[in-house]
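The values are calculated or read from the model by the stated rules, or taken from the named source; none is laboratory data. The shown structure was predicted, so the numbers you read here are calculated from the model rather than taken from an experiment. Cβ atoms come from the backbone with ideal geometry, glycine included; neighbour counts cover every protein chain shown.
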Amino acid sequence: MSAPTVRLWHLYPREMNIYADRGNIAVLRTRLHRRELDLELREVGPGEGPPDDGADLVYLGGGQDRDQLTVAADLAATKAAALRGLLEGGAVGLFVCGGYQLAGHSYRTAAGETVGGLGVLDVETVAGDGRLIGDIVLASELAGGSEAGRLVGYENHAGRTTLGDGAKALGRVLKGHGNNGRDRSEGAVVNRTLGTYLHGPLLPKNPWLADLLLGWALEHRYGRGFDLEPLDDRLELAAHRAALARANRRR
Amino acid sequence: MIAATAGGLSRATGRGGGTSLPGMVLNRLEPGALARLGGGLGGGAVCISATNGKTTTARLLSACLRAAGRDVAANAAGANLASGVTAALLARQRRRRAARDSTGCGGIGVFEVDEAALGQIADALGPRAVVLMNLFRDQLDRYGELEAIAARWAEVARSLGPATTMVLNADDPALAHLGSLRTAETDNVVLFGIDDPAVGRPELPHAADAVRCGGCGGPLSHDLITVGHLGHWRCDGCGVRRPQPHISARRVRLAGLDRLDLGVNGPGGAELELSAALGGLHNAYNVTAAVAAATALGVPAEAIGNGIGEVRAAFGRAEQVSLDGRRLRLLLAKNPTGANENIRCLMAEPAPLNLLVVLNDRTADGRDPSWIWDVDYEPLWDRLGSVTLAGDRCWDLALRFSYGGLGPARFAVRESLADALDSAVAATPPGGALYALPTYTALLELRAELVRRGAAHDFWQES
Ligand SMILES: [Zn+2]
């Protein structure tokens with residue numbers, strides 16, 4: 001018997017990786033390994049169709065503007081239909097920064113060009129004047145509103161994202177800018193697809209979110225709930241606390 | 001008088017020491033000051049810009065020029081905005097006036113120039129040469145600016161007059177063809193690069209940038225990968241490829257943190273055998289760039305060899321300090337490419353290695369230190385003795401190392417730098433080496449702590 005295994009598609013790891021997306025992947029893999037579970041990683045690049053043996057978790061990170069435009073075209077041409085089917089069928093999606101923008105309906109660049117997205121999140125993004133940059137802290141409904149449900153990270157984006165009726169925010173902004181700097185919302189959740197501007201990267205300092213995603217992914221693969229055993233998260237929690245303190249100090 | 005007081009303020013606040021503020025004050029009072037002072041340089045000016053290596057390359061070129069008997073005006077390390085260059089020229093003019101020399105600044109200017117300030121400074125100085133070495137992914141909260149900087153450098157290329165020599169790194173696909181953008185009717189371009197296949201890396205590091213073709217946007221292939229995304233690149237889509245450099249390092253022998261031997265082919269097939277007291281392949285680029293610039297400025301081969309051989313590590317670039325019977329080596333690591341090159345040097349040092357990694361997130365470091373996830377630390381794990389993690393973001397480092405596969409039992413985390421230094425020294429055997437990898441402001445703090453402990457002298461006194 002091989003260990004229960006999460007199948008992860010990492011989309012465009014070469015083109016979309018500027019905010020240390022590698023760290024998020026390392027956290028997903030390591031937190032499975034620490035529980036003697038496994039990760040099967042498929043890196044999917046431009047021109048490649050989706051692997052035909054399915055996925056439980058899909059990850060897309062952030063890129064430079066030029067790469068993001070190239071990726072948007074490639075997504076539409078080679079992967080969009082399969083990804084939509086997968087995510088609507090209950091697979092887990094994590095879309096960060098530029099990946100978040102591409103998961104929405106559309107993104108309008110500073111030059112006024114509108115680029116279509118995957119449409120798996122009911123959000124729209126328009127490039128704004130100036131970038132929204134800095135430490136950010138959210139209170140997230142996903143954790144039932146407890147203190148442990150804080151999400152900490154760093155944001156750096158020119159896009160202003162607005163939520164449609166079909167998406168909930170990933171969290172309420174306690175410190176920082178969030179989706180658009182106006183409505184205190186940050187990120188988006190539709191079914192088990194998450195989009196967010198938080199990086200730094202996102203998962204190392206927010207281990208509860210990593211475990212939530214992994215639990216969902218295992219459930220998708222095996223059709224039953226998994227009780228993930230708790231890990232020794234002293235370093236993670238120290239880093240989380242330090243990030244909270246820093247955000248409170250700086251603003 | 002105002003300027004002198006402002007200098008004291010800046011020294012207390014950090015970057016560039018007290019050296020930039022008098023220039024900032026003067027530039028505000030007299031907007032044309034930099035052009036006026038630069039006009040007094042009898043030998044013209046050289047501007048050197050890069051994400052990595054501009055300080056060392058400026059020192060190397062200055063040494064070559066001095067070895068040839070030339071009088072050199074240079075700015076202080078890190079004082080590389082218009083204010084820093086102005087301040088350097090101002091100080092020089094004052095010194096010369098005090099010596100009753102009224103011929104202006106005199107000499108030749110060799111200035112390291114911030115990537116974003118190149119346009120402004122080149123405009124004011126009308127330099128004899130502009131040396132452009134690399135554009136690497138820097139601290140992430142500046143990263144949105146990388147493409148903007150490449151675009152600005154293209155503007156600089158267009159605006160340079162025909163008399164200016166462009167010295168360009170053929171191995172950086174973002175820079176190699178900047179010379180062809182010049183509107184001036186001139187072929188005044190010198191390309192440099194590394195042509196030794198023995199120093200290649202097997203694959204692009206995670207921190208690689210500019211993997212796309214500037215012409216057609218297609219992916220680039222590499223026949224040789226040297227540092228970051230630098231190397232022998234080509235585009236299979238449109239056929240653009242690395243041009244053959246005029247000045248080329250044909251043989252590079254790396255010998256740890258302190259030594260580098262190179263065989264450089266100059267113009268007309270002239271061969272230079274060079275030895276530098278600098279370590280690492282990134283320094284092979286710095287030396288080759290300095291040779292290219294010095295050659296373009298007419299420095300004879302013998303002076304180039306002597307100049308290169310004289311230069312010692314710049315502040316925080318593998319400099320060595322003695323502390324409690326241990327040798328402390330300071331290796332500035334301010335971005336993933338720099339950190340990867342440091343690690344490549346460390347792999348050649350005797351194991352077990354004792355490390356002190358210090359990560360700060362202040363303005364001069366970049367507020368977002370998530371670039372540590374793009375550094376390839378993992379090859380170090382098998383060679384480590386002790387590891388101490390410190391700085392504003394010590395817990396982020398702890399997570400990077402832990403998720404990279406180094407168990408938490410194998411490193412210590414210390415929030416205070418003084419504690420970290422105590423802990424790291426205690427974990428290093430007497431007579432052994434402790435390698436410190438600090439970010440920019442962490443290096444300043446560490447250096448201040450070493451001065452406090454009597455282990456180093458105040459670097460503001462150096463120049
Ligand atoms: Zn091409």
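Is it true that some residue in the stretch B:221-233 is of a type outside the set (S, T, Y), in contact with a Gly (Cβ under 6 Å, 6 or more places away or on another chain), within 13 Å of B:M133 (Cβ to Cβ) and free of Cβ contacts under 8 Å to residues at least 60 places away in the same chain?
no
Give me a count of the residues in the stretch A:221-236 that are facing chain B (nearest Cβ under 9 Å) and of a type outside the set (D, E).
So the answer is 2.
Out of the strands (runs of 3 or more DSSP E) lying entirely within the stretch A:1-109, which hold 1 or more residues that are closer than 22 Å to A:A169 by Cα and within 13 Å of the chain's Cα centre (by Cα)? Break it down into steps so the answer makes sense when it comes.
Details: elements: A:5-11, A:38-44, A:57-60, A:92-96, A:106-108.
Ranges flagged: A:57-60, A:92-96.
Inspect the stretch A:185-199 for any residue being more than 14 Å from the chain's Cα centre (by Cα) and either surrounded by fewer than 16 Cβ atoms within 10 Å (Cβ to Cβ) or more than 14 Å from chain B (Cβ to nearest Cβ) (or both) and give the result as yes or no.
Yes, the stretch A:185-199 contains a residue that is more than 14 Å from the chain's Cα centre (by Cα) and either surrounded by fewer than 16 Cβ atoms within 10 Å (Cβ to Cβ) or more than 14 Å from chain B (Cβ to nearest Cβ) (or both).
Among the numbered criteria (1) in contact (Cβ under 8 Å) with a residue 40 or more places away in the chain; (2) in a strand (DSSP E or B), which single criterion is violated by B:A290?
Condition not satisfied by B:A290: (2).
So the check is Cβ under 6 Å with 6+ separation or different chains; which pairs have a first residue in the stretch A:110-131 that's charged (D, E, K, R) and a second one that's surrounded by fewer than 19 Cβ atoms within 10 Å (Cβ to Cβ)?
Partner pairs satisfying both residue conditions: A:D122/A:G164; A:D122/A:G166; A:E124/A:H105; A:E124/A:S106; A:E124/A:T162; A:R131/A:A158.
Condition test on A:M16, is it more than 14 Å from every other protein chain (Cβ to nearest Cβ) and at pLDDT below 95? Even if it seems obvious, please write down each step before you answer.
Numbers: more than 14 Å from every other protein chain (Cβ to nearest Cβ): no; at pLDDT below 95: yes.
Criteria not met by A:M16.
With B:L399, B:L380 as the choices, which residue is within 25 Å of A:L203 (Cβ to Cβ), facing chain A (nearest Cβ under 9 Å), at pLDDT 95 or above and assigned to a helix (DSSP H, G or I)?
B:L399
Select from the stretch A:19-66 the residues that are facing chain B (nearest Cβ under 9 Å) and on the phi > 0 side of the Ramachandran plot and list them in ascending order.
If the condition is that a residue be facing chain B (nearest Cβ under 9 Å) and on the phi > 0 side of the Ramachandran plot, then A:A20 is the only one that fits.
Would you check if B:R253 is within 27 Å of B:C64 (Cα to Cα), basic (K, R), away from the ligand (no atom under 16 Å from the Cβ) and modelled with pLDDT of 95 or more?
yes
Determine which single condition B:W373 fails, assuming it passes every other condition in (1) more than 14 Å from every other protein chain (Cβ to nearest Cβ); (2) in a helix (DSSP H, G or I).
Here B:W373 clears every test but (1).
Out of the strands (runs of 3 or more DSSP E) lying entirely within the stretch B:143-246, which hold 3 or more residues that are within 16 Å of the ligand (Cβ to nearest atom)?
Details: elements: B:165-169, B:189-194, B:220-225, B:231-235.
Correct list: B:220-225, B:231-235.
If I ask for residues that are within 14 Å of chain B (Cβ to nearest Cβ), over 15 Å from A:L203 (Cα atoms) and not hydrophobic (A, V, I, L, M, F, W, C), which ones from the stretch A:136-163 would you list?
Scanning the stretch A:136-163 gives A:N156, A:H157, A:G159.
Any residue at all in the stretch A:200-220 that is over 13 Å from A:L94 (Cβ atoms), at pLDDT 95 or above, facing chain B (nearest Cβ under 9 Å) and within 21 Å of the chain's Cα centre (by Cα)?
yes
Among the small types (G, A, S) and within 21 Å of B:R28 (Cα to Cα): is that true of B:S83 in this structure?
Answer is yes for this residue.
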